[in-house]
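Everything on this sheet refers to the single structure shown next.
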Amino acid sequence: MTVRELAPDVFEGGDVALFDVPDDVSLQWAPVAVERGAIVVDNSATFRMDPDVPLIVPEVNPEEVHDLTKGIIASPNCTMLAMIVPVAALHKAAGLTRIIMSSYQAASGAGKLGQDELLEQTKAVLKDPEAATRGLGRDVIDAGEVFAHPLALNVIPQIGSTGDNGYTGEEIKVGDETRKVLNLPNLPVTATCVRVATMVGHGVSIHAEFERPINVEEARKVLSGAPGVELMDDTANNVYPTPLQAAGNDPCYVGRIRQDLGDDKALELFSVADNLRKGAALNTVQIAELLQ
């Protein structure tokens, strides 16, 4: 495969241009690709909240893919994608009214440097097996440059910079993008995003409220037939999604489905997806396939 330096003429003759680059590169070059005749599918955050750019999850809102006012289509945030595929199926069945969620996000969400940092910190801890009893190994783990605190043997309840309201950029993005994809501009979404010491696979604990009562049996039936979803829900036999299950695979895995103990219009569930596949590359390619 020939790799060419980025320039306006590389887009000549292309029908679709898949962008998986930093925000500033997308901002500069996506319009150039459109001018040269390509439809851009962008995996950065640059155009996601642009009202003239559709934000597409193929299992949820494929009909919006042809709204090409700017010739650009955006692919959503990886954490939101781990949640939205199963939640959208339940919304179609019972009418979503609120989401409260917490994420468990893998080191790879910060790129290869994030993975490398977790690996090196883990190696340091393994050299001192008793480190876990001494302040979770903080005396043998360097904080590193990617994460604000050591990630090995740890969780970090901050992803992105913090705004005046105390929420991080990641937490705000999850809510904004969920509302846009579901076309529910007033949907309350509260997120707490946490980095955990796993390599690949973002997990999301979801509290979802609906317009009408919906029980576990109905939810399982809906999710078992939902595109892009694989049901793993037999807790008594230790069957539920984990990051290792999701890593390297395409579906959003869903389990731990429970009726809220105080509200028959609310469900609790746990969803996991490979943040590098469905959370990024796969969703982008699926969008391009819709254009055929």
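The values are calculated or read from the model by the stated rules, or taken from the named source; none is laboratory data. None of the values given here were measured: they were computed from a predicted structure. Ideal geometry is used to build each Cβ from the backbone, glycine not excepted, and the neighbour counts take in all protein chains shown. These accessible areas exclude ligands, DNA and RNA; they are computed on the full protein's heavy atoms, side chains included. Shrake-Rupley method; radii C 1.70, N 1.55, O 1.52, S 1.80 Å.
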Between MET1 and ASP250, what is the spin-label point distance in nm, taking each point 7 Å from the Cα along the Cα→C-beta axis? 1.8 nm
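Could you give the alpha-carbon Rg of segment 210-287 over 2.2 N^0.38 Å, rounded to two decimals?
Numbers: Rg = 13.7 Å, N = 78, 2.2 N^0.38 = 11.5 Å.
Taking N as the residue count of segment 210-287, the ratio is 1.19.
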How much accessible area per residue does the chain have, counting only protein heavy atoms and a probe of 1.4 Å, in square angstrom? 49 Å²
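How large is the Rg to Rh ratio of the chain when both quantities use alpha carbon positions and Rh follows Kirkwood?
Values: Rg = 20.1 Å, Rh = 20.2 Å.
Rounded to two decimals, Rg/Rh equals 0.99.
Summing Lys, Arg as +1 and Asp, Glu as -1, what charge do residues with Cβ under 10 Å from the Cβ of SER44 carry, SER44 excluded? The partial results should precede the final answer.
Values: positive: ARG48; negative: ASP20, ASP23, ASP24, ASP42.
Local charge sum for SER44: -3.
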Taking segment 22-93, the whole-percent share of alpha-carbon pairs separated by over 16 angstrom is 49 percent
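Averaging the inverse of every distinct alpha carbon separation and then flipping it gives the Kirkwood radius. What is it for segment 75-225, in angstrom units? Before the final figure, lay out each step's value.
Numbers: mean 1/r = 0.0589 Å⁻¹.
By the Kirkwood definition, the hydrodynamic radius is 17.0 Å.
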Report the Rg/Rh value for segment 1-130, based on alpha-carbon coordinates and the Kirkwood definition of Rh. 1.09
Subtracting the Cα-Cα distance of GLU211 and VAL10 from 0.36 nm times their residue separation yields 67.4 nm
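Computed over the Cα atoms of segment 162-267, what is the convex hull's projected area averaged over all directions, in nm²?
Working: hull surface 34.1 nm².
Computed as one quarter of the Cα hull surface, the answer is 8.5 nm².
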Carbon + sulfur, % of accessible area of the chain - ligands and nucleic acids excluded, 1.4 Å: 52 percent
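Just to confirm a number: summing +1 for Lys and Arg and -1 for Asp and Glu over residues other than ARG179 whose beta-carbon lies under 12 angstrom from that of ARG179, what do you get? Let's see the in-between values first.
Working: positive: ARG48, ARG98, LYS173, LYS180; negative: ASP176, GLU177.
With Lys, Arg at +1 and Asp, Glu at -1, the neighbours total +2.
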Close Lys-Lys pairs in the chain, where close means Cα under 24 Å and separation is 8 or more or interchain: 16
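By the scheme Lys and Arg +1, Asp and Glu -1, what is the net charge of all other residues having a beta-carbon under 9 Å from that of THR284? The partial results should precede the final answer.
Numbers: positive: none; negative: ASP20, ASP42.
Cβ neighbours under 9 Å give a net charge of -2.
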From a point 7 Å beyond the Cα of ASP116 in the direction of its Cβ, which residues of segment 20-63 have a backbone N at a distance under 18 Å? 22
